[in-house]
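Following: one structure in structure tokens, then a few remarks.
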Amino acid sequence: MHFSIPDTQEFGPDNAGSSFTGFNIHINGSFHCCLRYKQLHSLHEQLKRSLPTLVLPSFPPKKLLPLTPGQIEQRRISLERYIQLVGQDPVLCRSELLRAFLLNAQQESSFTECREVSVDVFLMNGYRIQTKAFTTDCSSKVLEKACAFIDLPKEYTYYFSLYLVRKESNGDIAITKKLMDFEAPYISQKQWEDCKIVIRTSYWDANYDLELMRDRIALNLLYIQVLSDVERGWIITTRDLAEQLTDLQARGNKREYVEIVRKLPLYGCLQFPRVCVDYPQPNTLATVIIGNRELNLLTNYGKKIQETKFKVTRIRCWRVTTIHNNEEISSNSSSESREPSNNLELSFEYLMAKNQLKWITVYSEQSMLMSVCLQSIVDELLNQKNGSDINNIQTHQAEFARLSYIRRDGSNYCITDSSSTDTLSSISDSNSTSNQSNNGSSTTTTTNNGTSFIRRKLKEFNTTVRFKNGKDSVHNEAFEWIGDDDL
């Protein structure tokens, strides 16, 4: 997870009558929540208790006196560094406690009341699944409900994921982001108003297709995605092959259609719009394609297309940064801009030859999504190496530790079910303890203060950010240990 705390905002007063500072937290380039210091400190203490054998990053110390503007800025930097280190730790990233905390923080920051609504989930051919879900259900729960609606067997659910997809002005579609389990699709989609929630496969290794092709409904979902990708030119075919595929489509031969397309070079890849790269030379225009355990650059030289392949297993590390005001600026130090930034860049250090590492940079506003794709390929490779299958690595397979969540107003409550945040909307303004059940989830809520919290509406944060000064950026070195063995 890519964390940043680009800026702060002032709130007040809380239930104790004091004003306080909120720290705006972005995850993977998008505003996620606004938290105060004591909320993050509470998370830190609970992570220490739930993971006693893990050495956590040191948490910024408390201050007894009110902070000056300079001290608030220093605290922002220190908290940002702390949460970035948390985001780099694979054990912490898989923590159910962290996931539940972020899910609740998103609901609180968006002022979303828990209620049942119709969440539209689409297939790649535009077919709409009207899913009944709660506004605060996490991504996996919405996915489960959408898959159940179309009678997909449960064992195939996690072969798929939810994505936000946007239609461009030229009619093309672009995958904007993958919805993660620390967020509620209903809330996230509201932030990306021009996007739809779409079901696509969640894996990169095409061998998983063979499992889906055992079931009629799973095969149909895969076929719809493959057909869409071919029609949009994401998978390149020859004229003769296109005619053969058209014939198979007309005859409804879905299995053979998929089997033929699976053998094509760009199958199972995500294609990004043409961008500027610095390889093989500066200011080169190229199409970025990620998949098949590779990052590919397609470059036009007259009528010829040159393809350059970079194996993920030879990428030592990578980072997302930006250029603003002619300075390199870290992706982990962003600020409040609401306009899309074209200055994001993805840089990766690649093992070109034995003992020869080279940094290569891709300049794209979708750099964060590219980084998430690379990380998911790495995760899949490591999971396969460890013998884990798709269903066994889902977060909800883990036992959930109870989370005590402190709200910004100082009230707190205990979460006993991590898949939904139905407790937040049910907290009353007076001292109370209540047992509730939403969608079969039992939760206990305790409110500590009778004073109504004066909610100051958050600034409207969009999904892209402008970045502050600073050159420190977090490197993902998940595959640093792979070197000469892969040459």
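Annotations for the structure displayed:
- Boolean, Lys48 is in a helix (DSSP H, G or I) and under 30 Å from Lys190 (Cα atoms): no
- Residue-level check: of (1) at pLDDT 85 or above; (2) assigned to a loop (DSSP other than H, G, I, E, B), Lys309 misses just (2).
- Figure legend. Inter-residue proximity from the range 339-363: first residues of a type in the set (Asp, Glu) and open to solvent by less than 50 Å² (accessible area, probe 1.4 Å), second residues at pLDDT below 85 and assigned to a strand (DSSP E or B), beta-carbon distance below 6 Å, spacing 6+ or different chains. Indicated pairs: Glu345/Thr321.
- Residues in the range 193-239 that are surrounded by fewer than 19 Cβ atoms within 10 Å (Cβ to Cβ) and among the charged types (D, E, K, R): Glu193, Asp194, Lys196, Asp205, Glu211, Arg214, Asp215, Arg216, Glu231, Arg232, Arg239.
- Just one of the listed residues (Ile235, Ile224, Ile197, Ile187) is touching a Pro at 6+ places or on another chain (Cβ under 9 Å), hydrophobic (A, V, I, L, M, F, W, C) and not in a strand (DSSP E or B), and it is Ile235.
- Residue selection: Glu155 fails the criterion of being open to solvent by less than 30 Å² (accessible area, probe 1.4 Å), out of contact with any strand residue (DSSP E or B) (no Cβ under 6 Å at 6 or more places or on another chain), of a type in the set (D, E, K, R) and in contact (Cβ under 8 Å) with a residue 24 or more places away in the chain.
- For the range 123-145, filtered to residues that are among the polar types (S, T, N, Q) and in contact (Cβ under 8 Å) with a residue 24 or more places away in the chain, the residue that is most open to solvent (accessible area, probe 1.4 Å) is Asn125.
- Candidate set from the range 200-221 (those that are touching a residue at least 12 places away in the same chain (Cβ under 8 Å) and in a loop (DSSP other than H, G, I, E, B)); member that is nearest to the chain's Cα centre (by Cα): Ser202
- Among the residues making up the range 255-283, a single one is open to solvent by less than 10 Å² (accessible area, probe 1.4 Å) and closer than 20 Å to Met352 by Cβ: Val277.
- Which numbered condition Arg338 misses (of (1) outside any strand (DSSP E or B); (2) in contact with a Phe, Trp or Tyr (Cβ under 9 Å, 6 or more places away or on another chain); (3) at pLDDT 85 or above; (4) not aromatic (Phe, Trp, Tyr)): (3)
- Failed item in (1) part of a strand (DSSP E or B); (2) at pLDDT 90 or above, with Arg316 passing the rest: (2)
The values are calculated or read from the model by the stated rules, or taken from the named source; none is laboratory data. Owing to the predicted nature of the structure, the values given are computational and were not obtained by experimental measurement. All Cβ positions, even for glycine, are placed from backbone atoms using ideal geometry, and neighbour counts span all protein chains on display. SASA here: full protein model, heavy atoms, side chains in, ligands and nucleic acids out. Shrake-Rupley method; radii C 1.70, N 1.55, O 1.52, S 1.80 Å.
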